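Values quoted throughout were computed directly from the atomic coordinates according to the rules given, and no laboratory measurement underlies them. Source: prediction; values computed, not measured. Methodologically, a virtual Cβ is constructed for each residue, glycine included, from the backbone with ideal geometry; neighbour enumeration extends over all protein chains shown.
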Amino acid sequence: MVADGAQQSGNEIEIQAVSKVFGQGATAFHALTGIDLTIRTGEFFTLLGPSGCGKTTLLRVIAGFEHPSSGQLRIKGQDVVGQAPNRRMVNTVFQSYALFPHMTVAQNIGFGLKMLGRPRSEIETTTAEMMRLVKMEAMASRKPAELSGGQQQRVALARALAPRPRVLLLDEPLSALDLKLRKEMQTELKRLQVETGITFVFVTHDQEEALTMSDRLAVMSKGRILQLGSPHDIYHAPTERFVADFIGETNFLSLKVITVQGRGADLALPGGRIVPARIAEGVTPAVSEAVSAVIRPEQAQLVEAGTGDLLATVTGAVFFGTDTHIHLTLEDGQAFTVRRQNTIGQADPETGARVGLSLMPGALQVLRGS
Amino acid sequence: MKRDSHRWKWILVSPALVVLILAASGPLLIVAVYSVLSPGNMGGVSWDFSTEAWFRVFFKRDIFDPENVTLNADHLAVFQRTLWLSFQTTVICAALGFPTAWFIATRPVNRRMIWLFLITVPFWTNLLIRTFAIQELIRNSGTLNTALLWLGLIDKPLELMYTDFAVLLGMSYVFLPLMVLPLYAAMDKLDFRLVEAGYDLYASRMQVLWHVILPLVKPGFIAGSILVFIPSIGAYVTPRVLGGGRTMMLGNLIGLQFGQGRNWPLGSALAMVLLVIVVAALVFYLRITTRETGGRDGQS
């Protein structure tokens, strides 16, 4: 059914220059623009972005519910543009779960296999196995309306996994659950992905979910992929202001470039100190140009005034339990936030106090754009 | 205090009770009583108890030898035709109504009202006029036959008038909106994401229709079938105009007894039979259609 020649390449899904336009003429909406993306076999891949960024549209293109306006889409090396959803070995866990209300839990889970024309004995064993996998054995003869949100979620997952698809698409499946259940399901999903070895493509707007679960993730905005990489790369080496801002908390500083050598640059801090910084891929800053650089709040430390890299004035402190956010103003008026791990007996710095600021070496990163 | 509110309750529901007793049960009671009386000389009834009318519903006596009793084949044929035509009408309306309702339900929300409005347009014109219009279409020198003759597809006009086909055509046309509207209401509530889920789980278009859409819009089919089947059984105007005397339905047979037949008790007895058929059909239909889904809503 599927060409196995591409198996060695390790690429499950190859997306090339895919665009999707809804409507025509002046009212046309460009949901996806020039998407290039390769998803590897067996990885947990996340599409992350705010609502309306095109992540769900991209998922629907992979599932076959939408056809790309242009571009190519291959699953396991096979061109699937124009192929109906029921012919793709790809299953979806819908945001609304979309369980069939007139069928029992077991019938829901067995539906895919039944439609594939598998023998009854196989449907029964697989359904039982799937119910065990998601811990729903006791609910086999219930109707979806008799289940809680978390249970419906598990059934939706089991239903999509039962036909053993090559790829499982998950469209914000956890967004309807409360926080505690969501955390549980995050672990559960990751476990299922590792156990089954199926490629997961997960869509979310929750940056924490994306960071904790993914092997790799793509940050999307306005129908484009802004950055693609491991959670580590995305968090520590954002290439664009949007990515840095969307994921975690960030300090943006406008700094002047002193020298540029390869992928590194020296930047002048307010107060005159010169520090090294990394340069995001595809950026070529010019000497003596003002650039936008980022540093995470936990990558700076408060020190005695007069020592460290910067001098700052405390404008406030917010207690978060595990840590405290200390808001500062630099000498040239730019705002800066430091996150400090809390220890017992440690006093918050007073508002108006003059403090020094020491930046973690190599933490500064020059962004694309300014 | 409690007695007082109790009394108020009865006063408040009394208009509804009056309507129910006088307008609904009253006439029915009169029909039931008339069915066990003897026919009057010039129509009407004479107040002598008799089961002759009920007897004559199913049997007939030889004119010259009243003791010679045979089954009334004419009446039984009318019963059979009435049920069969009504059943066919329901099936045709369901077959045509489903795609129509589906078409409307899948239009953009702001356009659906226009389509629904168009569905109700026929109700604006008198039923009799519309039935005569169908007659104009299918009669021997009517539009259809003229067109087919002109095209050379037939040599002589098709005999469509005064046939079961004509009655079926007329009734299907008249009752179609009664199937479309409840079906649309059911489809309007259908979660189209379930259709996508069906496709996602390897169901073909036919399988999605069979396993997902049809079970979910079944309440619409049940409501629509009842709304079509029941008035079909009692149809009068359509079989009268399009079926003539040859393809009589139960409604026409009853009408005949009160008119030319001058046998009001027989007409009343036939009307009671009609009532029994409708109730039986309804019970039977609800039985078979709710069996599989039984317990789903927890109702019994």
- Query: Hey, in the GNM for chain A with a 10 angstrom Cα cutoff, which one of A:G150, A:G248, A:G333 fluctuates hardest?
  - Reply: A:G333
- Message: Running a GNM on chain A with Cα contacts under 10 Å, which residue among A:D215, A:D245, A:D178 ends up with the highest mean-square fluctuation?
- Response: A:D178
- Query: Rounded to whole Å and sorted largest first, what semi-axes of the equivalent ellipsoid does the C-alpha gyration tensor of segment A:8-116 yield via the square root of 5 times each eigenvalue?
  - Reply: 26, 19, 14
- Query: Considering the dipole of segment B:1-121 built from charges on the beta carbon (Lys and Arg +1, Asp and Glu -1) around the Cα centre, which of B:I63, B:P15, B:V45 is farthest to its positive end?
  - Reply: B:P15
- Message: Between helix A:179-196 and chain A, what is the angle of the helix's C-alpha long axis to the longest principal axis, kept within 0 to 90° and rounded to the nearest 10?
- Response: 60
- If we count other beta carbons within 10 Å of each Cβ, what is the order of A:K114, A:K222, fewest first? A:K222, A:K114
- Message: Can I get the semi-axes of the protein assembly as shown's equivalent ellipsoid? Compute them from the C-alpha gyration tensor as square roots of 5 times the eigenvalues, in angstrom, largest first.
- Response: 76, 30, 25
- Note on the structure: Fewest-first ordering of A:L217, A:L330 by Cβ atoms within 10 Å yields A:L330, A:L217
- Query: Which ordering of A:F22, A:F246 is given by a fewest-first count of other beta-carbon atoms within 10 Å?
  - Reply: A:F22, A:F246
- Note on the structure: Among chymotrypsin sites (Phe, Trp or Tyr not before Pro) in segment A:276-370, those in a DSSP loop whose Cβ has at most 11 other Cβ atoms within 10 Å are A:F320
- When the Kirkwood hydrodynamic radius is evaluated over all pairs of different C-alpha atoms of segment A:92-146, what value in angstrom, to one decimal, is obtained? 11.6
- Task: For the protein assembly as shown, give the share of DSSP beta bridges that are antiparallel, in percent and rounded to the nearest 5; count only bridges with both residues there.
- Result: 75
- If you find the alpha carbon centre of segment A:236-256 and of segment B:109-172, how far apart are they in angstrom? 72
- With Cα springs under 10 Å, the Gaussian network model of chain B assigns the largest mean-square fluctuation among B:L169, B:L286, B:L275 to B:L286
- Between segment A:275-321 and segment B:234-262, how many Å separate their Cα centres? 95
- Item | Neighbour-limited loop hits for chymotrypsin sites (Phe, Trp or Tyr not before Pro), segment B:206-277 (at most 16 other Cβ within 10 Å; DSSP other than H, G, I, E, B) | B:Y236
- Task: State the Cα centre-to-centre distance between segment B:263-293 and segment A:177-226 in whole Å.
- Result: 59
- For chain B: Kirkwood Rh in Å [reciprocal of mean 1/r, alpha carbons]: 22.9
- Message: Inside 10 Å of the C-beta atoms of A:96-102, what's the mean count of C-beta atoms belonging to other chains?
- Response: 6
- Item | About the Cα centre, charge dipole magnitude for the protein assembly as shown (Lys/Arg +1, Asp/Glu -1 at Cβ), debye | 1500
- Query: FRET efficiency for A:T259 and A:A353, Cβ-Cβ distance as r, R0 = 41 Å, nearest 0.05?
  - Reply: 0.75
